[in-house]
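Engineer: Structure below; questions to follow.
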Amino acid sequence: MDKKFSILICDYDKHDVRIIEAMTREWLAENEREADVTVFTDPVKFRETFVGGTSYDIYLLGVSMHGSSGIELGRLIHTRYPNAPLIYVTRSKGHALEAFTVNALRYILKPVDYMEFVSALDFAYIVYRAVPRNIVTVRLPGAVTNLNEDDVVYIENNVRSMKYVMKDGEVVNGTRRNISFENFFAPLLASGKFVQSHKSFIVNMNYISSLRTASIRLSTGMNIPISRRHIAEVHKAYEKFNSK
């Protein structure tokens with residue numbers, strides 16, 4: 001059986017959502033695949049969850065959702081995860097061109113034809129499997145391991161011992177070569193998704209829920225300190241990150 005992955009379904013129409021979810025689960029069963037299927041009928045709650053740091057491997061979105069635009073949600077997803085497989089399932093014929101501006105793989109009209117839907121999911125799954133995951137290589141005593149950088153909430157430095165705190169609460173302890181904390185993680189900081197808030201902390205901006213004068217509030221409930229030296233840098237980086 002293939003590795004477990006995640007699928008997000010967001011549509012305001014509860015009846016349509018039940019149909020889409022049922023077809024998704026049927027597709028999974030037919031292909032003997034395991035996935036966590038998450039459903040939102042409130043696009044505002046989905047946006048809050050996504051901005052709070054929860055991401056998925058495949059996205060199925062409606063377009064018109066009671067004043068909330070599925071195109072705007074798609075743009076948000078595409079900004080943070082440019083290669084994320086995205087499919088629109090909608091009754092609206094008028095937004096197909098907009099959908100493809102956020103690299104949507106397919107634009108399916110309701111009522112949904114099962115074979116068309118399956119074809120779209122097959123394509124999305126191929127894209128999901130083909131896209132290289134951004135990784136963080138962690139040095140362990142006598143070995144190395146790779147972490148998906150999108151799952152790293154923050155990294156804490158203690159001399160040359162590194163603590164990687166993951167979104168599921170797991171803590172991975174690693175070591176660092178004899179170079180500075182900043183230089184060791186320069187490629188990660190250059191990605192624009194992480195920011196250094198303190199000499200001992202680097203934070204994934206996908207998990208920031210709010211900024212305070214001297215601390216970062218994470219969506220996990222954790223507070224990370226901001227040193228005086230890094231205040232301007234943190235605020236500027238976070239503003240740029242959220243303006244994309």
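The values are calculated or read from the model by the stated rules, or taken from the named source; none is laboratory data. Please read these numbers as outputs of a predicted model, since none were measured by experiment. Because the Cβ atoms are built from the backbone with ideal geometry, glycine has one as well, and the counts that use them run over all protein chains shown. Note: areas computed on protein heavy atoms with side chains; ligands, DNA, RNA excluded. Shrake-Rupley method; radii C 1.70, N 1.55, O 1.52, S 1.80 Å.
Engineer: For the range 12-25, give me each residue that is part of a helix (DSSP H, G or I), of a type outside the set (K, R) and in contact (Cβ under 8 Å) with a residue 24 or more places away in the chain.
Structural biologist: Passing the criteria: D16, V17, I19, I20, M23, T24.
Engineer: Anything in the range 148-172 that is touching a Phe, Trp or Tyr at 6+ places or on another chain (Cβ under 8 Å) and farther than 13 Å from V136 by Cα? List them, or say none.
Structural biologist: Passing the criteria: E156, N157, K167, V171.
Engineer: Taking the residues in the range 20-48 that are out of contact with any Asp or Glu (no Cβ under 9 Å at 6 or more places or on another chain) and among the β-branched types (V, I, T) as candidates, determine which candidate is most open to solvent (accessible area, probe 1.4 Å).
Structural biologist: The residue in question is V44.
Engineer: Tally time: how many residues in the range 177-225 are open to solvent by less than 50 Å² (accessible area, probe 1.4 Å) and part of a helix (DSSP H, G or I)?
Structural biologist: Residues flagged as open to solvent by less than 50 Å² (accessible area, probe 1.4 Å) and part of a helix (DSSP H, G or I) within the range 177-225 amount to 8.
Engineer: Scan the range 82-102 residue by residue and report those that are among the polar types (S, T, N, Q) and more than 14 Å from A120 (Cβ to Cβ).
Structural biologist: Within the range 82-102, the first condition is being among the polar types (S, T, N, Q), and the residues that meet it are 83, 90, 92, 101.
Those that are among the polar types (S, T, N, Q) and more than 14 Å from A120 (Cβ to Cβ): N83, S92, T101.
Engineer: Could I ask something else about it? Give T90, T101 a once-over and let me know the one that is under 27 Å from E72 (Cα atoms), open to solvent by 60 Å² or more (accessible area, probe 1.4 Å) and among the β-branched types (V, I, T). Step through it out loud before you land on a result.
Structural biologist: Numbers: T90 fails: open to solvent by 60 Å² or more (accessible area, probe 1.4 Å).
It is T101.
Engineer: Counting just the residues of the range 142-163 that are among the β-branched types (V, I, T) and buried (at least 18 other Cβ atoms within 10 Å of the Cβ), which one comes out nearest to T220 (Cα to Cα)?
Structural biologist: V153
Engineer: Another question, then. So A232 passes all but one of these: (1) aliphatic (A, V, I, L, M); (2) within 30 Å of G142 (Cα to Cα); (3) open to solvent by 30 Å² or more (accessible area, probe 1.4 Å). Which condition number does it fail?
Structural biologist: The failed condition is (2).
Engineer: Among the residues of the range 164-175, what is the count of those that are outside any strand (DSSP E or B) and either surrounded by fewer than 18 Cβ atoms within 10 Å (Cβ to Cβ) or of a type outside the set (K, R) (or both)?
Structural biologist: The total comes to 3.
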